[in-house]
Every structure is written in structure tokens, then in C-alpha cells.
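Visitor: One structure follows; several queries about it will come next.
The values are calculated or read from the model by the stated rules, or taken from the named source; none is laboratory data. Owing to the predicted nature of the structure, the values given are computational and were not obtained by experimental measurement. Here the Cβ positions follow ideal geometry from the backbone for every residue, glycine too, while neighbour counts run over all protein chains shown.
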Amino acid sequence: MEALTFRAEPEFVAALKEYADRLGISVNAALREIVAPVIGFSKRLRTSRRPRNNLARFSGRLTKDDLAPIIAAQADFSKIDEDMWK
């Protein structure tokens, strides 16, 4: 596989993410599914439209507001207990 950087307006990206969520597929798979027929690439990327039963749809979707309490809750993980290491 090769990587491809795709630049687009935030509204376009949001619409693409919503489309992928509706299909239960990744944004990458959704973009490939949209572009493949236009360029004549007929290979089916997925054989089923069934939503995946995993956490892929949440990947990369946290906002700064979502992330703040998670970071706060994990703050103690970075502290070293000096008494434990004596």
C-alpha cells in the first residue's frame, strides 16, 4: 500500500466522516469506494455493508473538549512515586 495526502476543506472532511460512519467503514475505505468507480478501479474493497463491531469509528474523532478529561485522568500515570523507588 502507498500513502496519499489529500487536502480538503473542513466541511468536506466532516461530510466524508459522516458518510463513512453511516456505512460503518473507515474514512480511507469510504474515499476509496467513492473514487474507485470514477477512475475505473473495479476491485471491491469490502464485500459487506455490515458495520464493523469494533472501535474503528471512534479512532481520530476526539475533540479537544473530549480529550481534556482523559488527559487529566491520566496525569497521575506520569508521576514517579519516589518512596517506591528507594
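Visitor: Which of (1) at pLDDT 90 or above; (2) assigned to a loop (DSSP other than H, G, I, E, B) is the odd one out, the single condition Leu16 does not satisfy?
Guide: (2)
Visitor: Something else: Applying the selection to region 59-81, what residues are under 17 Å from Glu18 (Cα atoms) and either surrounded by 10 or more Cβ atoms within 10 Å (Cβ to Cβ) or at pLDDT 85 or above (or both)? Let's see the steps before the verdict.
Guide: Restricting attention to region 59-81, the residues satisfying the condition of being under 17 Å from Glu18 (Cα atoms) are 59-63.
The answer is Ser59, Arg61, Leu62.
Visitor: Here's another thing I want to ask about it. Would you check which residues across region 1-19 are of a type in the set (Gly, Ala, Ser) and either closer than 16 Å to Glu33 by Cβ or surrounded by 10 or more Cβ atoms within 10 Å (Cβ to Cβ) (or both) and list them?
Guide: We begin by selecting, within region 1-19, every residue of a type in the set (Gly, Ala, Ser); these are 3, 8, 14-15.
Within region 1-19, Ala8, Ala14, Ala15 qualify.
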